[in-house]
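Any read-out appearing in this document is the output of simple, stated calculations on the displayed coordinates, not a laboratory observation. It should be emphasised that the depicted structure is a prediction, and the values quoted were computed from it without experimental measurement. Backbone-built Cβ (ideal geometry, glycine too); neighbour counts: all protein chains shown.
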Amino acid sequence: MKFKTSVIKKFIVLWILITVVSSANSQSDSTTNQNLTPSSGNHVNTYNNTPFNQQNNWKNWAIKGKVLPEIFLVGSGITGSIGFEWGFAKNQSIGIDYVYHKYSFDGADVYDSLSDQYISEPRQRITDEALFLNYRYYFNAQKIRQKSGIAPYLGCFTRVAKQTYIYDKGYVKTDDVVRENQVSFGIMYGLLGEINHYQRTDRSFCIDAYVGLFIKQKERIHEYPGPDKNLVRSSEFPVNYGFRIGLNLSIVSVHSRHK
């Protein structure tokens, strides 16, 4: 697969500029804040030790995931993910998620006079499996953290996916695509919001939401009968741009405490 290198360079330059500017602004909030340590049973403000924080004397890791229904105008499905995030340098992290989508497009119900009942037409079904690799830089933003328990971050990601098309017997195809291999690169801005903090175990229950822009290279594989009735396979390589929205629930814990 070949990418347009000029577009990738623009994404990288934009991400670096936003990171540098935002980092410089957030650093100004840290000069008057003292280092915090995990609670050992004493009551503290819930938002004093938000995860992935430059002011903390520890680093964080997180397990995240979701299972949600998907409803479209012409179909429905389910999406799920499970992932792991490892914090380093207190306010930076790398993560990997496994993502699974499965959905189908509704067919119209046809009346069968012989059985005196309605029968659903054959459907097209799609499964999508992906690995989502990402880097995050969590901003200092102490005022936002202490007031609302929200940790804003900026990051970049790579997504590698395989999309498989399955057709019920009798389905009238409008396309002969059977599989797509996808690789995408992008940048994202997100918020990690602390819902509850458990003092005894130093764990936080959080909601993680982000939006992002990406460039995607596809390999669309077609299969169709040839003139001699043998199966013919061909490929095309379109490039797409898109807008991505992500949502996860996560449990964040502590590692590498420092005094």
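Brief remarks on what is shown
- Violating pairs (Cα-Cα greater than 23 angstrom) within the set 66/218; 102/229; 169/216; 90/143; 66/102: 66/218; 102/229; 169/216
- Highest average first, the peptides 135-145, 87-97, 236-246 ordered by how many other beta carbon atoms sit within 10 Å of their residues are 135-145, 87-97, 236-246.
- Packing order of peptides 224-235, 178-189, highest average first: 178-189, 224-235 (average count of other Cβ atoms within 10 Å over each peptide's residues).
- Taken one residue at a time, the phi angles of the stretch 186-193 give Karplus couplings (6.51, -1.76, 1.60, θ = phi - 60°) of x, 10, 9, 10, x, 10, 9, x Hz. Gly and Pro are set to x.
- Highest-first arrangement of 80-86, 151-157, where packing means the average Cβ count within 10 Å: 151-157, 80-86
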